[in-house]
Every structure is written in structure tokens, then in C-alpha cells.
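First comes the structure, then the notes that go with it.
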Ligand code: FES
């Protein structure tokens, strides 16, 4: 089980507790703003782009794969060193307490 905090572009935090899925799928399920998940987690759209909170940047491993890297290059919002496709972050004990910041838009 993990509690994940999604902070939207207006700095409004929303906490969600989940046991399965991905950081993207939980956000879509909960109707949270800033994450679309257009391809359903197939790593083909970048509409699940999030910014890892700096405290988590080194704790979410491994680093983005080459394919994740390519997807993020096509993201609508500016990419940073903490950018990750949230569909590639599985929910579980390892991400309990995770904080992600969502982009202002994905379209
Ligand atoms: S949901 Fe499409 S790349 Fe993550």
C-alpha cells in the first residue's frame, strides 16, 4: 500500500492511497488533473508526464530508460531532470509517501 501526493500546477496537493496500479492509473482513476494517460500506460504518449519531488528523484529507480527518455522528449510541458512518465512507476510499498508534481497541461 502506498500513499501518493499529487501536487497540481496551482500547488494544490491531493493524497491518494492505493495498493495496485501505477502512479498514472491511480491519478486517472481518481480524476486528478494534469495526468491524462492517453495510451493506457503503453509508453507511447507522454501524457502521464510528472515531475518527481526532489526528495524522491534518486529514490525512484532505475533512471528513465531510453524509451522513457524518448517519450519525455515529446512531452507538451518542459522536461526537467526530475521528469518521468508516471505510467512507469508502479504503486507499492517502495513508493509510499511519494510526491509528484503534475504539469499544467498535457495537451
Ligand atoms: S500513459 Fe502514455 S506514456 Fe504513460
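With a ≥ b ≥ c taken as the square roots of the eigenvalues of the C-alpha gyration tensor of the range 25-64, please select rounded if a/c is under 1.5 and otherwise prolate if a/b is larger than b/c or oblate if it is not? It would help to have the intermediate numbers written out before the result.
On the way: a/c = 2.45, a/b = 1.51, b/c = 1.63.
Because a/c hits 1.5 or more and a/b fails to exceed b/c, the range 25-64 counts as oblate.
Would you look at the GNM of the chain, springs on alpha carbons closer than 10 Å, and say which of 22, 83, 65 moves the most?
Judging by the Gaussian network model, the answer is 65.
Please report, in whole Å³, the volume per residue of the convex hull around the C-alpha atoms of the range 2-102. Don't skip to the answer; put the middle values down first.
Numbers: hull volume 8.8 nm³, N = 101.
So the per-residue hull volume is 87 Å³.
Of 23, 36, 76, which is the most mobile in a GNM of the chain whose springs link Cα atoms less than 10 angstrom apart?
Fluctuation is largest for 76.
Hey, with R₀ at 22 Å, roughly what FRET efficiency would residue 93 and residue 10 work out to, going by the Cβ-Cβ distance, to 0.05? Can you show the working numbers first?
Numbers: r = 30 Å, r/R0 = 1.36.
Calculated value: 0.15.
Between residue 32 and residue 20, what is 0.36 nm times their sequence separation minus the Cα-Cα distance? Round to one decimal in nm.
Full-extension gain reported as 2.6 nm.
Assuming 0.36 nm per residue, please report the length gained on full extension of the stretch residue 104 to residue 42 beyond their Cα-Cα distance.
Working: separation 62, 0.36 × 62 = 22.32 nm, distance 2.21 nm.
20.1 nm is the gain from fully extending residue 104 to residue 42.
Sticking with the crude label model, points 7 Å out along Cα→Cβ, report the distance from residue 1 to residue 72 in nm, one decimal please.
It works out to 3.1 nm between the two label points.
Read-outs: derived from the displayed coordinates by stated rules, not from any lab. Just so it is clear, the model here is predicted, and its values are computed rather than measured. Positions of Cβ are generated from backbone atoms using ideal geometry, with glycine treated the same way; all protein chains shown enter the neighbour counts.
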